[in-house]
Amino acid sequence: MLPDLKTLENLIRDVAQQEILPRFNQVGFEVKDDGSLLTEADLSADKRIRQSLAELYPAITFLSEEMDLTVQESLLQNSRHLWCLDPLDGTSNFAAGIPLFATSLALFVNGEVKIGITYDPVRDEMFSAVKGQGAWLNGEDLLCKPSSFSLDKSIAIVDFKRLKPDLVQRLFSDAPYKSQRNLGSCVLEWAWMAANRGHLYLHGGMKLWDLAAGTLILEEAGGYACTLEGETVFRQAMQVRSVLISPDKSLFAAWVLYLTGLKVDETEGANTDKHQLKQKLTEEEYKITQEGATEPAFTGKYYQNTESGIYHCICCESALFSSDEKYDSGSGWPSYWQPVTEDAVIEITDSTHGMTRVEIRCANCDAHLGHVFPDGPQPTGLRYCINSASLDFEKQ
Ligand SMILES: [Zn+2]
């Protein structure tokens with residue numbers, strides 16, 4: 001069971017309203033050289049949120065900025081549940097009297113962001129998302145909309161700080177957009193993109209705290225994001241990640257091409273449209289292919305299927321397995337000793353549930369299919385154990 005979203009939202013709102021907002025632009029006070037007013041807002045918000053979460057959910061661990069990198073990496077890899085909190089993002093804005101800062105909380109479950117919350121106390125705006133359920137702004141559905149702006153008319157939010165000098169030079173001399181801004185709060189920038197505020201986004205290197213909640217809010221709103229390498233932004237790791245975003249599919253494609261030289265379908269995770277998939281798939285098929293769930297053994301429609309034909313990906317229709325290589329493993333899931341072609345599937349090492357297994361995904365669209373085990377029949381000795389719900393059988 002996931003923690004209740006409303007409870008978390010109320011906690012974050014209360015703390016930000018009571019600990020952060022009253023210290024902003026406080027009459028008669030200035031931020032001292034040691035930043036004490038700022039530190040006070042930051043620390044007291046951090047302390048109160050941690051205490052409350054520890055009381056409400058004692059089993060869930062905290063990932064902290066002060067921890068050693070090795071401890072952080074180990075927690076990320078080995079914790080089933082993990083909180084990731086940024087009590088005050090946009091501290092420079094806060095100190096300078098600029099009303100753009102926010103509190104952000106994410107919950108990781110088995111290495112995935114399952115809940116993301118970003119709260120802006122100045123505007124009383126609560127952005128939140130639950131994996132597979134949607135994104136909301138103050139309780140209303142948050143949905144990225146197609147833009148009527150072309151690339152050359154668009155407004156880009158760009159933080160030049162950690163970008164490579166040659167890219168910065170190109171953006172100054174040959175910008176593809178009309179005009180550029182920088183808000184100075186990463187967590188708010190993700191949320192604003194999800195709310196169709198601005199058309200393009202670029203950041204040279206974000207920490208995990210800056211991106212965790214935002215990746216889920218944007219994803220659930222149906223927006224598009226990747227790194228400058230064309231990879232999915234969120235990783236179970238502490239390295240900084242570059243971030244490209246657009247709420248609009250075609251602007252995103254043009255922005256990715258300009259920045260990376262990649263076509264959008266060469267990037268990870270950008271070529272599946274979550275909204276279309278939700279309409280196309282059943283709830284079970286969506287949970288299994290998009291969230292890595294597993295159907296109960298002996299319940300799927302194909303584990304006993306002995307007809308001749310090809311098993312396609314339920315999401316993108318790529319050919320994955322053939323009846324020629326299917327066998328009865330007795331496991332209760334369709335089992336194959338090899339995929340239809342070597343590059344039809346990709347393997348990902350999966351360390352969730354306290355064991356190391358090799359996850360199998362569709363090489364074309366990244367849909368979760370199942371796992372591969374070294375106990376199959378010859379000639380490969382492998383058992384591709386696949387969910388029926390990830391497959392669509394075509395009889396031949
Ligand atoms: Zn696929």
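The values are calculated or read from the model by the stated rules, or taken from the named source; none is laboratory data. All values reported here derive from a predicted model rather than from experimental measurement. Quick reminder, even Gly has a Cβ in these numbers, built from the backbone with ideal geometry, and neighbours come from all protein chains shown.
Structure above, values below:
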{"quantity": "Enumeration of residues in region 131-157 that are buried (at least 19 other Cβ atoms within 10 Å of the Cβ) and under 29 Å from Gly354 (Cβ atoms)", "calculated": "Lys131"}
{"quantity": "Residue count, region 72-95 (criterion: loosely packed, with under 14 Cβ neighbours inside 10 Å and either modelled with pLDDT of 90 or more or closer than 17 Å to Ile12 by Cβ (or both))", "calculated": "2"}
{"quantity": "Members of region 306-336 found to be more than 13 Å from the ligand (Cβ to nearest atom), crowded, with 20+ Cβ neighbours inside 10 Å and not small (Gly, Ala, Ser), listed by number", "calculated": "Lys326, Trp333, Pro334, Tyr336"}
{"quantity": "Matching residues in region 61-107 - criterion: being among the charged types (D, E, K, R) and not in a helix (DSSP H, G or I)", "calculated": "Glu65, Glu66, Asp68, Arg80, Asp86, Asp89"}
{"quantity": "Failed criterion for Val187 (all others in (1) closer than 19 Å to Leu137 by Cα; (2) surrounded by fewer than 16 Cβ atoms within 10 Å (Cβ to Cβ) hold)", "calculated": "(2)"}
{"quantity": "Top-ranked residue of region 291-305 - restricted to ones that are out of contact with any strand residue (DSSP E or B) (no Cβ under 8 Å at 6 or more places or on another chain) and among the polar types (S, T, N, Q), ranked as nearest to the ligand (Cβ to nearest atom)", "calculated": "Thr299"}
{"quantity": "Some residue of region 374-385 being within 16 Å of the ligand (Cβ to nearest atom) and in contact with a strand residue (DSSP E or B) (Cβ under 8 Å, 6 or more places away or on another chain)", "calculated": "yes"}
{"quantity": "Options Arg80, Arg48; residue that is closer than 18 Å to Phe24 by Cβ, charged (D, E, K, R), in contact (Cβ under 8 Å) with a residue 24 or more places away in the chain and outside the structural domain of Arg197 (by TED's automatic domain parsing)", "calculated": "Arg48"}
{"quantity": "In region 352-396, residue surrounded by the fewest Cβ atoms within 10 Å (Cβ to Cβ) [restricted to those that are modelled with pLDDT under 95 and in a helix (DSSP H, G or I)]", "calculated": "Gly354"}
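Conditions (1) assigned to a loop (DSSP other than H, G, I, E, B); (2) without any contact (Cβ under 8 Å) to a residue 40 or more places away in the chain; (3) not assigned by TED's automatic domain parsing to the domain that holds Tyr384, marked per residue:
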site: Pro296; (1), (2), (3): yes, yes, no
site: Asn305; (1), (2), (3): yes, no, no
site: Cys316; (1), (2), (3): yes, no, no
site: Asp324; (1), (2), (3): no, yes, no
site: Trp333; (1), (2), (3): yes, no, no
site: Pro339; (1), (2), (3): yes, no, no
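Here's the yes/no breakdown for (1) of a type outside the set (Asp, Glu); (2) over 25 Å from Gln279 (Cα atoms); (3) outside the structural domain of Phe94 (by TED's automatic domain parsing); (4) more than 15 Å from the chain's Cα centre (by Cα):
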{"position": "Lys178", "(1), (2), (3), (4)": "yes, yes, yes, yes"}
{"position": "Cys186", "(1), (2), (3), (4)": "yes, yes, yes, no"}
{"position": "Trp192", "(1), (2), (3), (4)": "yes, yes, yes, yes"}
{"position": "Leu202", "(1), (2), (3), (4)": "yes, yes, yes, yes"}
{"position": "Lys207", "(1), (2), (3), (4)": "yes, yes, yes, no"}
{"position": "Leu218", "(1), (2), (3), (4)": "yes, no, yes, no"}
{"position": "Ala221", "(1), (2), (3), (4)": "yes, no, yes, no"}
{"position": "Tyr224", "(1), (2), (3), (4)": "yes, no, yes, no"}
